[in-house]
1. Cβ-Cβ distance below 7 Å, separation of 6 or more or different chains: which pairs start in the stretch 232-248 with a residue that is under 14 Å from GLY264 (Cβ atoms) and end on one that is among the β-branched types (Val, Ile, Thr) and part of a loop (DSSP other than H, G, I, E, B)?
2. Within the stretch 217-253, how many residues turn out to be touching a Gly at 6+ places or on another chain (Cβ under 9 Å) and among the hydroxyl-bearing types (Ser, Thr, Tyr)?
3. Could you list, in sequence order, the residues of the stretch 217-259 that are farther than 22 Å from LEU69 by Cβ, in a helix (DSSP H, G or I) and open to solvent by 20 Å² or more (accessible area, probe 1.4 Å)?
4. Restricting to the stretch 47-74, what's the tally of residues that are open to solvent by 30 Å² or more (accessible area, probe 1.4 Å) and either of a type outside the set (A, V, I, L, M, F, W, C) or part of a loop (DSSP other than H, G, I, E, B) (or both)?
5. Of everything in the stretch 236-271, what is touching a Ser or Thr at 6+ places or on another chain (Cβ under 8 Å) and not hydrophobic (A, V, I, L, M, F, W, C)? Give them in sequence order.
6. What number of residues within the stretch 75-100 are without any contact (Cβ under 8 Å) to a residue 40 or more places away in the chain, hydrophobic (A, V, I, L, M, F, W, C) and open to solvent by 50 Å² or more (accessible area, probe 1.4 Å)?
7. If a residue counts only when it is within 29 Å of ALA220 (Cα to Cα) and more than 12 Å from the chain's Cα centre (by Cα), which strands (runs of 3 or more DSSP E) contained entirely in the stretch 109-187 have at least 3 such residues?
8. Would you be able to tell me the number of residues in the stretch 62-88 that are in contact with a strand residue (DSSP E or B) (Cβ under 8 Å, 6 or more places away or on another chain) and polar (S, T, N, Q)?
Amino acid sequence: MDPTTDNAAHTGDPGKARASLEALRAEIAKAVVGQDPAVTGLVVALLCRGHVLLEGVPGVAKTLLVRALASALELDTKRVQFTPDLMPSDVTGSLVYDTRTAEFSFQPGPVFTNLLLADEINRTPPKTQSSLLEAMEERQVTVDGTPRPLPDPFLVAATQNPVEYEGTYPLPEAQLDRFLLKLTVPLPSRQDEIDVLTRHAEGFNPRDLRAAGVRPVAGAADLEAARAAVAKTAISPEITAYVVDICRATRESPSLTLGVSPRGATALLATSRAWAWLTGRDYVIPDDVKALALPTLRHRVQLRPEAEMEGVTADSVINAILAHVPVPR
C-alpha cells in the first residue's frame, strides 16, 4: 500500500507506520537539500514526544526544514517569530475582557498547536523563553491558576542562531535540558549548494511548498502506531549500563563544569530506542547509542572556560568519551 493513500489504515500497524515515516523523510527532501541528519533528528523527536533545538547561521534553511515537516504531516502548526519585545502572553495566550458578557475569556496563544515553530528563540529575553518551559515539560499552560492541556502530539521545534551573534540571549540551562535533541544545521557542501541554486533557478518557491510537491504522507495515527512499536523495542541491561557509563563519564571530564544529568541519560536511552526501531530492529545495539549521543547530549554539558579557549567543543568531549567507554559485547 502507498503510505500516502490511507493514513487511518496505519493505526496499530508498525510496519506501515515505519513506511510512512520513511516517506516523511523523503518528502522533506523535496524542499530541503542535504540536511538528512536534521530531518532524521526531527523524526526521532516525534517518536519520543520530545522537542528539538536547531542551531545554525542564518540562511541554512532551518525554518524551511520545520515548515516542510509540518507540510508533510497532517498536523496543525503555528509559527512564532521570537523578538526582543515578545511577551510571554504572546506565546501562551491571555485572559481578554469581553465587554458583551462583562467577563474575562481565555484567548489561546500559538502554543496551542501540534507543531510549534519557535523561530530564533534566543533573540527574546529569558522571561519569554521561560514561558515555554511549562508547555514543553508538562504539555499544558497555566493561566490565572487554570491548567489548560495542549494538543497531542505536541512538539516545539526551535531555531537559534549561534550565541556569538549580536542580539542573542543564551538559553537557560533548565530550558536547554527540556530539548530532547540539539541538531546543528551546517552550511551545505558545494554540490548541495549548486542543487539549491538550480532548484531556485527552476522556479522553486520556499513559501509555496505545495507547488514544490511536498504533500502530507503521515499523520497522528502513524505516530501513535510508531510510538507503540518503539515502546516495545528491547533494551538489554548491558545497553542500559552503557548509557549510564557514558553519562557518568561526562560528569568526571576535566573539560566540563557540568555533565549530563539522569534526565539526559533517560533521553539518550529513548532516542537510541527510536533510532533502532527506525532502522528496522526491535532491539537496541551500542551503535544506536553512539549514533544519537551527540545530538542528545551536546546541549546538556557545559565547557570550562579554559577548555573553550583552547578550542575544545562539547562534541569533541563527547566523542572522546565514546572512544574510551567500554562497549558491551
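The values are calculated or read from the model by the stated rules, or taken from the named source; none is laboratory data. If you're wondering where the values come from, they're calculated on a predicted model, not measured in any experiment. Quick reminder, even Gly has a Cβ in these numbers, built from the backbone with ideal geometry, and neighbours come from all protein chains shown. Areas reflect the complete protein model, heavy atoms only, side chains present, ligands, DNA and RNA absent. Shrake-Rupley method; radii C 1.70, N 1.55, O 1.52, S 1.80 Å.
1. ASP245/VAL325; ILE246/VAL325; CYS247/VAL260
2. So the count comes out to 2.
3. ALA231, PRO237, GLU238, THR240, ALA241, VAL244, ASP245, ARG248, ALA249, ARG251, GLU252
4. So the answer is 9.
5. GLY259, GLY264, THR271
6. So the answer is 1.
7. 140-143, 146-149
8. 3
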